[in-house]
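Chemist: Sending over a structure as structure tokens; questions will come in a sec.
The values are calculated or read from the model by the stated rules, or taken from the named source; none is laboratory data. Everything quoted here is computed from the prediction, not taken from an experiment. So basically every Cβ, Gly included, is an ideal-geometry build from the backbone, and we count neighbours across all protein chains shown.
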Amino acid sequence: MSMSHAVAVFVEGTGIDPDVVSSAVSKNLETSDALDVVHFESRRAGLTAVVAQLDDEGIGLLDHVAAALSKKLGQPAWSLSSMTGTAQWMSVTAFASDGTEAWHDETRDEVTPKERSAMRQALGETRGVEPSDWPYWRMMAEFTARPARDLIGLGLSPALDLEAPEWQTIATTRLEGRTPPATPLRAIFSDHQLRLLAQADEDQALRDERVRLAHAQRDADAAAVMNRALQLGEPRVVQLPSSLLTKAERLATKYAVERAWVLQAATARSTPWKFPATALAVCPAKGLEATTLVVSKSLAKALEQSSLQAAGGKAATFDELVRVALSVGLDELTEDLRDDEKKRKRLAKKKPVAP
């Protein structure tokens, strides 16, 4: 399934002048391609939404629009970015009534019971609040009406589908690609100036190539930090809990890697000889899915030599041992990837050597 991307701004209240919304969009949003930005409102929820469906990722695309609207209307606004499909992710940035950023939050790997309980109480609802939807519900909890229901179709594709009768379309602002037409150089420069420009372009091309090579080396260094070179082994079909696969999918989406790599990297970080006796009890086999997993020879040997026992004193099966290895390894991999991301960001800030 392909990914669906969308961005939106939410403001409390309805009846907002369409010209105010259109002006905020036109003055604060530039795109290279044509884009329709739709002004919706829901009288039932008491909310106004400004939405754009995107072909590609556009995280934070409407942040400046949200800031402009909050300042113009003198009330808070929330900018939401959402992606759904093979995985689900979203972020929300809240703006105060003066247009300054109030807070920012993203999809989480997990939510503590205390946080979940507080959010349910704030929303006045009893159903689960998923970590992937956390920023959405945090936004909902700040609305005066505090809608305790899903208003945008969480986890569905398209990422934001505000349909009637809940939402009514008020107006659409059409943005064309803002690449200005090129002015012929001969209309600006003399022949002598054009020759100088040609020489400058040639010199610049040499400088650009040196910079490109420096960037390539920097990117290679950053890729090395991720340490994606893992020991290969035989692909085996194992039964894995859906909860672990969901966690692996979130990591894959967050760091733009394949889920298969996440699973292999996680199991590679496990130490089966250190599994506690209670390891299987805290890794229940629920919602099992057949999954192809590349198990390195060293890990397969370590698992076969494990003395971990299942219920009734029976030796744990290979699939059970892999579940424990993955459960332990995913926690370690999450920490490693977080540290690696910090290293990659530091590398990205390093300027290439001047040509």
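Chemist: Among the residues of region 132-154, which ones are farther than 14 Å from residue 7 by Cα and among the small types (Gly, Ala, Ser)?
Modeler: First, pick out the residues of region 132-154 that are farther than 14 Å from residue 7 by Cα: 132-134, 137-151.
Of everything in region 132-154, those that are farther than 14 Å from residue 7 by Cα and among the small types (Gly, Ala, Ser) turn out to be 132, 141, 145, 148.
Chemist: Right, next: Return a yes/no flag: does region 56-74 have any residue that is out of contact with any Asp or Glu (no Cβ under 7 Å at 6 or more places or on another chain), within 19 Å of residue 17 (Cβ to Cβ), in the same structural domain as residue 136 (by TED's automatic domain parsing) and among the hydroxyl-bearing types (Ser, Thr, Tyr).
Modeler: Within region 56-74 (the criterion being out of contact with any Asp or Glu (no Cβ under 7 Å at 6 or more places or on another chain), within 19 Å of residue 17 (Cβ to Cβ), in the same structural domain as residue 136 (by TED's automatic domain parsing) and among the hydroxyl-bearing types (Ser, Thr, Tyr)), the answer is yes, since at least one residue qualifies.
Chemist: Next up: Can you name every residue in region 139-168 that is out of contact with any strand residue (DSSP E or B) (no Cβ under 7 Å at 6 or more places or on another chain) and either among the small types (Gly, Ala, Ser) or not assigned by TED's automatic domain parsing to the domain that holds residue 90 (or both)?
Modeler: 141, 145, 148, 153, 164
Chemist: Which one of 334, 292 is at pLDDT 80 or above, hydroxyl-bearing (Ser, Thr, Tyr) and more than 20 Å from residue 236 (Cβ to Cβ)? Walk me through how you get there before you give the answer.
Modeler: On the way: 292 fails: more than 20 Å from residue 236 (Cβ to Cβ).
Selected residue: 334, the only one of 334, 292 that is at pLDDT 80 or above, hydroxyl-bearing (Ser, Thr, Tyr) and more than 20 Å from residue 236 (Cβ to Cβ).
Chemist: Can we say residue 144 is more than 27 Å from residue 252 (Cα to Cα) and assigned to a strand (DSSP E or B)? Quick ask: steps written out before the conclusion?
Modeler: Numbers: more than 27 Å from residue 252 (Cα to Cα): yes; assigned to a strand (DSSP E or B): no.
The answer is no for residue 144.
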